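Student: Right, I'll just put the structure down here and ask away after.
The values are calculated or read from the model by the stated rules, or taken from the named source; none is laboratory data. This structure is a prediction, so every number in the text was calculated from the model and none was measured. Don't worry about glycine lacking a Cβ; one is built from the backbone with ideal geometry, like all the others, and counts go over all protein chains shown. In case anyone asks, the SASA skips ligands and DNA or RNA and just uses the protein heavy atoms, side chains included. Shrake-Rupley method; radii C 1.70, N 1.55, O 1.52, S 1.80 Å.
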Amino acid sequence: MEQQRSSIHGQWSGRLAFILAATGSAVGLGNIWKFPYITGENGGGAFVLVYLLCIALVGLPIMMAEVMLGRRGRQSPINTMMSLAKEEGAHRFWKALGWMGVLAGFLILSYYSVIAGWALSYVSLSLEGAFVSASAEDIGVLFSNLIADPQRLILWHSLFMLMTMVVVARGVRGGLEVAVRYLMPGLGLLLLVMLGYAISSGYFMQGLAFLFDADFSKINSTSILVAMGHAFFTLSLGMGAIMVYGSYLPKGISIAKTSVLVALADTLVALLAGLVIFPLVFANGLEPGAGPGLIFQTLPIAFGQMSGGLFFGSLFFVLLVFAAWSSAISLIEPAVAYLVENRSMKRLTAALICGVATWLVGLATVFSFNIWSDVTLFDKTIFDLLDFVTSNIMLPLGGLMIAIFAVWVMKKESSRQELGLGSVGFSLWYWVTRFVTPVAVLIVFLTSIGLF
Ligand code: PFF
């Protein structure tokens, strides 16, 4: 049977490898850089609550659906959708889901790499001792100088793209599995060390209250859209990244259990990052709504003051780079897998083409922080716009289509077989994905454009 084949790109060595790779994809800048700053911009607790609800009711069911489609199709998302549509007697149009994912991946990686570049440059700043005893103001200046300098940003952006291409060219298993196995736990541990520092800052309770006291007057329809968009972004859903990883998943491994583990790990890291950052924000009289620079303006203050800060600071940004790295490769993998399948390209050539194209688009983000900072559309800079359109429109739309395909187009028997859940678990997934998830996504969409 067609779906019994394994992918031409290889397979994960087992359950743990998949969990690590999927967690590597999910845990990244989204958890440590983006979650705290959008939480800060959207007023804290109520936003966090909506985000957690979206993870449980929208993210998790879609993650299971996306992994399932991948494992059944065993190819790049574009070809997977085409062959599954054929198998289920549906229209070829479903292939468009794959194409939209490829486009979303390109656009996200183009700015993701620039921000990962900030983290790279912070490794070097930390090693030079630039944070030692620095005041909040000094760090603010350090950050503004970095983003005002296109050349420095291009340098670090190029280095990060190069790192991404090297791993993608070597194939998903070469190197990646090993890196993720040690680095992810390392990042978790270091966040715990930082948590200790945040607790001792004297402002822990303020941080905790900001993160968990839900004041619904602080959110509006746009914040709800942002919370939902972030649930997709942080779990790497809606663009084929998790689908392509699912296509390398051997048969017989429980999709439900692995998805729950990945979603839990991801959420935990985000909350931990929030618990570390907000006490530091309040302890130093900073603004929670400072925007994308938030962690880059707060954490170095802590590193500059704590003993062993030079070591911990450098290590932290190194681990952040690794977290971003293992996410970046999943952003570009759907496109690379497609080129290898359909154009018979070598992985190296495919990685090179995708990498150079993404690098070029990334320049727009670089300039949006300096020479093009006044180029705006709907009041948003190019970076803000790229982030908004991909996270809040393209990913939820892709996720919605995945949910619809998995439970309205695919035969119930096919998904039952593939998911391998018990009957209660399967029914729960099936009904939530059939009604709750799509309705939730639609309501959020319609509300945000003022139609509901
Ligand atoms: N989940 C990643 C993060 O939180 O940083 C970003 C990401 C990776 C988004 C892969 C989408 C994706 F397909």
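Student: Filter the range 303-315 for residues that are of a type in the set (A, V, I, L, M, F, W, C), at pLDDT below 90 and touching a Ser or Thr at 6+ places or on another chain (Cβ under 8 Å) and give the result.
Tutor: Phe303
Student: Quick test of your reading of the structure: Val340 fulfils all but one of (1) touching a Lys or Arg at 6+ places or on another chain (Cβ under 8 Å); (2) modelled with pLDDT under 90. Name the failing condition by number.
Tutor: The one condition Val340 does not meet is (2).
Student: Please work out which residue is surrounded by the most Cβ atoms within 10 Å (Cβ to Cβ), limiting yourself to the range 85-115 and to residues that are among the aromatic types (Phe, Trp, Tyr) and more than 16 Å from Leu237 (Cβ to Cβ).
Tutor: Checked the range 85-115; the qualifying residue surrounded by the most Cβ atoms within 10 Å (Cβ to Cβ) is Tyr111.
Student: Still on this structure: What pairs can you find where one residue is in the range 371-388 and touching a residue at least 60 places away in the same chain (Cβ under 8 Å), the other is of a type in the set (S, T, N, Q), and their Cβ atoms are less than 8 Å apart, with a gap of 6+ or different chains?
Tutor: Pairs that qualify, where the first residue is touching a residue at least 60 places away in the same chain (Cβ under 8 Å) and the partner is of a type in the set (S, T, N, Q), are Phe383/Thr365; Phe383/Ser368; Leu386/Ser110; Leu386/Thr365.
Student: Something else: Which residues, taken from the range 116-129, are within 16 Å of the ligand (Cβ to nearest atom) and either buried (at least 24 other Cβ atoms within 10 Å of the Cβ) or outside any helix (DSSP H, G or I) (or both)? Full working, then the answer.
Tutor: Taking the range 116-129 as the starting set, the residues that turn out to be within 16 Å of the ligand (Cβ to nearest atom) are 116-120.
Passing the criteria: Ala116, Gly117, Trp118, Ala119.
Student: May I ask you to list the residues in the range 130-141 that are assigned to a loop (DSSP other than H, G, I, E, B) and open to solvent by less than 20 Å² (accessible area, probe 1.4 Å)?
Tutor: Phe131, Ala134 - these are the residues of the range 130-141 that are assigned to a loop (DSSP other than H, G, I, E, B) and open to solvent by less than 20 Å² (accessible area, probe 1.4 Å).
Student: If we keep just the residues of the range 343-363 that are open to solvent by 70 Å² or more (accessible area, probe 1.4 Å) and in a helix (DSSP H, G or I), which is farthest from Gln151 (Cα to Cα)?
Tutor: Leu348
Student: Name, by its number, the condition in (1) over 14 Å from Thr164 (Cα atoms); (2) open to solvent by 30 Å² or more (accessible area, probe 1.4 Å) that does not hold for Ala302.
Tutor: The number of the failed condition is (2).
Student: Ala283: of a type in the set (Gly, Ala, Ser), open to solvent by 10 Å² or more (accessible area, probe 1.4 Å) and in contact with a Gly (Cβ under 9 Å, 6 or more places away or on another chain), yes or no?
Tutor: yes
Student: Among helices (runs of 4 or more DSSP H) lying entirely in the range 228-310, which contain 3 or more residues that are more than 16 Å from the ligand (Cβ to nearest atom) and either in contact (Cβ under 8 Å) with a residue 40 or more places away in the chain or more than 23 Å from the chain's Cα centre (by Cα) (or both)?
Tutor: In the range 228-310, the matching helices (runs of 4 or more DSSP H) lie at 255-283, 294-305.
Student: Can you name every one of the helices (runs of 4 or more DSSP H) wholly within the range 1-91 that holds 1 or more residues which are among the aromatic types (Phe, Trp, Tyr) and modelled with pLDDT of 90 or more?
Tutor: Hits in the range 1-91: 35-41, 45-54.
Student: Let me ask something additional. Out of the residues in the range 1-52 that are away from the ligand (no atom under 16 Å from the Cβ) and of a type in the set (Val, Ile, Thr), which is most open to solvent (accessible area, probe 1.4 Å)?
Tutor: The extreme case among them is Ile8.
Student: With Leu331, Leu339 as the choices, which residue is within 16 Å of the ligand (Cβ to nearest atom), open to solvent by 10 Å² or more (accessible area, probe 1.4 Å) and under 26 Å from Val67 (Cβ atoms)?
Tutor: Result of the check over Leu331, Leu339: Leu331.
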